[in-house]
1. Outside any loop (DSSP other than H, G, I, E, B) and within 25 Å of L59 (Cα to Cα): does that describe W181?
2. Does segment 116-133 include one or more residues that are of a type in the set (A, V, I, L, M), open to solvent by 50 Å² or more (accessible area, probe 1.4 Å) and at pLDDT below 95?
3. Could you list, in sequence order, the residues of segment 107-118 that are more than 15 Å from the chain's Cα centre (by Cα) and not polar (S, T, N, Q)?
4. Out of R209, R167, R145, I need the residue that is modelled with pLDDT under 95 and under 14 Å from G105 (Cα atoms). Which one?
5. Determine the pairs where a residue that is closer than 16 Å to G13 by Cα and open to solvent by 60 Å² or more (accessible area, probe 1.4 Å), located within segment 51-62, has a partner that is of a type in the set (V, I, T) and not in a helix (DSSP H, G or I) with Cβ atoms under 7 Å apart, the partner being 6 or more residues away or on another chain.
6. What is the number of the single condition among (1) assigned to a loop (DSSP other than H, G, I, E, B); (2) at pLDDT below 80; (3) farther than 27 Å from P104 by Cβ that T223 does not meet?
7. For segment 134-149, give me each residue that is surrounded by fewer than 18 Cβ atoms within 10 Å (Cβ to Cβ) and either touching a helix residue (DSSP H, G or I) at 6+ places or on another chain (Cβ under 6 Å) or without any contact (Cβ under 8 Å) to a residue 12 or more places away in the chain (or both).
Amino acid sequence: MLGRIFASALFAGVLAGALVTLAQSASLIPMLLEAERFEMGLAPGDIHQTTVERTASTLMANVVTAVGFALMLVGGFALRGGNMNWRLGIVWGLAGYAAFTVLPGIGLPPLLPGSERPDLFESQDWWLATAGLSIVGMWLIAFSRAHLLKLLGAVVIVIPHVIGAPRPDGEGDDVPVDLAWEFIVGTYAVSALFWIVLGALAGYFFARRLDGEAADGQIEPVTILVVR
């Protein structure tokens, strides 16, 4: 079981990380560079070199992050049990998109360099709490049979937004408003693509390895009962 989880997450994470890097290179990285020119006054001659370095580092970070998220997804597949395929994987991926992008973004939208922003550590704490509570809340809503637990799940999701995200400290805000909004929309779009692809790939690879192990007789009877 552990081997199937790690292998499925690795394959899905590498492919999804590479794909999202291409999408970011075509849309988000140019906006980041433009914002940095506003903030730091970068010369046009520095753009190409900066783009190459940014893309390489972004690829490495995206692959590592994607593998980590894929581990969470396939771990959820194994914990939940039942059949899995790429279509169900997309549903799980959309749940991840909601938990890690949409809901935290309500309080902390994506920001370009030079934008007015809150304290970094407070933002990280609030983001982690929001993502974690969103996962717990959606799990309760989706898989609990008791209505009271489903209600509790909704309450858990709302808690960090009632508390409120950290507010900007009043520094920065050198980025044009239209560029800032374009970056927000682009980030949400690329993130949606990432989670849909990651969920589909994770569900596909997990199901294939499960079918292969079942055919080879490598799954113990108790595991088969859980999966079915």
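The values are calculated or read from the model by the stated rules, or taken from the named source; none is laboratory data. As the structure is a prediction and not an experimental result, all values here were calculated from the model. All Cβ positions, even for glycine, are placed from backbone atoms using ideal geometry, and neighbour counts span all protein chains on display. SASA here: full protein model, heavy atoms, side chains in, ligands and nucleic acids out. Shrake-Rupley method; radii C 1.70, N 1.55, O 1.52, S 1.80 Å.
1. yes
2. Within segment 116-133, one or more residues are of a type in the set (A, V, I, L, M), open to solvent by 50 Å² or more (accessible area, probe 1.4 Å) and at pLDDT below 95.
3. Those that are more than 15 Å from the chain's Cα centre (by Cα) and not polar (S, T, N, Q): G107, L111, L112, P113, G114, E116, R117, P118.
4. Answer to the check: R167.
5. Every condition considered, no pair remains.
6. (1)
7. Once the filter is applied, which keeps residues that are surrounded by fewer than 18 Cβ atoms within 10 Å (Cβ to Cβ) and either touching a helix residue (DSSP H, G or I) at 6+ places or on another chain (Cβ under 6 Å) or without any contact (Cβ under 8 Å) to a residue 12 or more places away in the chain (or both), segment 134-149 yields V136, I141, S144, R145, A146, H147, L148, L149.
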